[in-house]
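*Asks:* Provided herewith is a single structure, encoded as structure tokens, for subsequent inquiry.
The values are calculated or read from the model by the stated rules, or taken from the named source; none is laboratory data. None of the values given here were measured: they were computed from a predicted structure. Here the Cβ positions follow ideal geometry from the backbone for every residue, glycine too, while neighbour counts run over all protein chains shown.
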Amino acid sequence: MVANSSLISINSDVRSGKPCVLGTRIAVSDILQWLASGMSIEEILDDYPSLTNESIFAALAFSANREAMMKTIIL
């Protein structure tokens with residue numbers, strides 16, 4: 001499955017500009033926290049029916065791409 005970056009939006013009027021799944025107020029960071037806490041994708045989809053497998057993978061890809069663009073600061 002290829003993650004669809006068009007499923008992530010940034011709007012200053014929604015969640016203070018946090019990246020969110022398009023058409024929702026669910027932030028990429030919410031999805032990452034749920035997964036990090038041990039929730040399965042199936043559990044997330046059950047709890048948040050506005051999400052899809054594709055939107056969860058889009059959030060993961062968005063986060064990975066953002067991390068890859070971060071520059072390391074050497075002190």
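*Asks:* One residue is enough: does the stretch 20-37 have a residue meeting the conditions assigned to a strand (DSSP E or B) and in contact (Cβ under 8 Å) with a residue 40 or more places away in the chain?
*Replies:* Among the residues of the stretch 20-37, not one is assigned to a strand (DSSP E or B) and in contact (Cβ under 8 Å) with a residue 40 or more places away in the chain, which makes the answer no.
*Asks:* Restricting attention to the stretch 7-19, and to residues there that are touching a helix residue (DSSP H, G or I) at 6+ places or on another chain (Cβ under 8 Å) and in contact (Cβ under 8 Å) with a residue 12 or more places away in the chain, which single residue is surrounded by the fewest Cβ atoms within 10 Å (Cβ to Cβ)?
*Replies:* My answer is PRO19.
*Asks:* Filter the stretch 16-67 down to the residues that are of a type in the set (Ser, Thr, Tyr) and under 18 Å from SER5 (Cβ atoms), then identify the one that is modelled with the lowest pLDDT.
*Replies:* SER63
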